[in-house]
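What follows is calculated from the coordinates using simple rules that are stated; it is not laboratory data. Quick caveat: nothing in here was measured; it's all calculated off a predicted structure. For neighbour counting, all protein chains shown are included, and Cβ atoms are generated from backbone atoms with ideal geometry for every residue, glycine included.
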Amino acid sequence: MAGDYTIEFKASLSNKQVIAPTYRPMPARPIMTVAVDTDTVSDRLESWGESDKLPTLTSIEAKARSKSFSVSLASLASSVRVAGANWHRQYAIALSLPLLNPYLESNATFDHGANFAVAGSTALDYTFFTTNGVYNPTTNISLGDQLNWFKSHLNTICQAPTECEKLLSKALVFVGEIGGNDVYYPLIQGKSIQEIYTYLPFIIEAITNAVKEVTHLGAVNIVVPGNLPMGCLPAGLTLVFAGDATTYDDMGCLKELNELALVHNNYLQESLALLRLEFPHVDIIYADYYAAYQTILRYAANFGFEEKSLLRSCCGIGGLYNYDENRKCGSRGVPVCSNPVQYISWDGVHLTQEAYRHIAKILFQDILGLPGIRYM
């Protein structure tokens, strides 16, 4: 029987009205320090090379060293085999916890949990995108499917709902990061950013419902990450290339795409604030991936990253950002940089192991209320 779990979900929105981009950060609420066994459901940011086994889930779990239990719900979105470690791998390493096996892997053991991440998955159902003229080129698996797999897994390790509640009461549950693919796929298929704004409420609703569901299952410590600044990623910079200097911020990121991510994150934080009122006995923590990413970008030299490579892919080819949508990392003839530890971006969408490591540290400090690092 599994001990402690970490589960991660990712999601995104669709047709409700979104107005001007604004950002009102909410402070993270400190939670107890936990050591966890984990189940993970992830998307594009955490590619474990599972795309050749779709549909599949990857799991990181670790034996709990405290009474806290960790569950992380997310969706893994990339058909590219990525060399860099993902968020959950870094969380496990930071806590000295063992990694988990993919949920669908034959003959795998799940003594400490299971990973449900699927490459290319989205928060919204496949039918939502087909209805809106968008297709998922990687998989038809969504956040809802991952959640259903998780519940099925619980049925195999719990004799009764009360037993699952006890298990989840000791878990730290990660619901996300998710929603990036829900924006990325429409973008590469010609949808306007304004139309994509209309998806946001549906994305947030999907994430919120996932948080509610794991709460009803018994989770009481939940971390919900926001999205990264897509306008700083080589893929986003290439897809929405603009010659006008005013469209970029002082770090060279596209303002329009970053505003989209900020609106997503702001809606998510507002939704989480309402959930805290609805479930006062549950600690629901917002993990600010956006701010953590911008921290390592702005103070890149202090983290050991190369100035000229901050917005370029390590594994890629062509253009200002070393990224080509038609010749991605892993394609024949696409080279890999010789010094990945000096790059933030691995393949234009995912980050390098070094970047994930630094961001994980920043997030731990923020979530656990630890003293901050001096960057200047």
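Numerical summary
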read-out	value
Which of S192, S271 has the fewest Cβ neighbours within 10 Å, and the rest in rising order	S192, S271
Burial ordering of F364, F202, F174, fewest other beta-carbon atoms within 10 Å first	F364, F202, F174
Unit charges on C-beta of K, R, D, E only; dipole of segment 182-268, Debye	200
Over 22 Å (Cα to Cα) - which of K328/K361; K170/K212; K212/K361; K308/K361 fall in this group	K328/K361; K212/K361; K308/K361
Modelled FRET efficiency - R0 30 Å, Q159 with R276, Cβ distances, 0.05 increments	0.45
Computed lengthening from E307 to N148, 0.36 nm per intervening residue step minus Cα-Cα distance	52.9 nm
Neighbourhood net charge (11 Å Cβ-Cβ; Lys/Arg +1, Asp/Glu -1) for Y343	-1
